1. Read phi for every residue in region 64-80 and hand back ³J(HN,Hα) as whole Hz from Karplus 6.51 cos²θ - 1.76 cosθ + 1.60, θ = phi - 60°, with x for Gly and Pro.
2. By per-residue mean of other Cβ atoms within 10 Å, what is the highest-first order of 72-84, 121-133, 98-110?
3. Pull up the cross-link candidates among the lysines for Lys134, meaning alpha carbon to alpha carbon under 21 Å and not fewer than 8 places away within one chain.
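What follows is calculated from the coordinates using simple rules that are stated; it is not laboratory data. Note that this is a predicted model, so its numbers are computed, not measured. Positions of Cβ are backbone-derived with ideal geometry, glycine not excepted, and every protein chain shown enters the neighbour counts.
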Amino acid sequence: MNKQSICRCVIASILSVTATAWAQTSVGLGRADYKDNCASCHGTSGKGDGPVHSFLVKPPSDLTQIAQRHGGKFPQELMWEVIDGRWSGDGGPHGSREMPVWGQEFKARAMTMPGDSAITAEWSARNRIVSLLKYLETIQQP
């Protein structure tokens, strides 16, 4: 097999993983991840009133007001960075952040799946973040 054929195979594989993984993002998946990972702090309604909120040093944000705090538009990129957390330069699962580094956590969870590679685990983490963003957009209040 020559280099060009190998490159085509690699690109085709990446695109198929990307397309399949992207298709798996949904508001429903985001809602489930929110319930499992975020509601304990932010509350089931997203208002920052989860069962552990009183034990935290800094109160959790009201996630229903994100768009309102940003001029009526949901800030996709900013929220991606906040949820993902890996690019903030903080070390450890929390670093100096108040909340977990979910990009790192979602990728680590995906790496425990049989046959998952670092590439597919990364796409899995990204898709979970996209799904969370889709869900958070649905709970925005004026």
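1. Couplings: 7, 10, 4, 4, 4, 5, 10, x, x, 10, 6, x, 3, 5, 4, 5, 4 Hz.
2. Numbers: 72-84: 14.5, 121-133: 21.2, 98-110: 18.2.
Most protected by this proxy first, the peptides run 121-133, 98-110, 72-84.
3. The reachable lysines, counting only those whose Cα sits under 21 Å from Lys134, are Lys35, Lys47, Lys73, Lys107.
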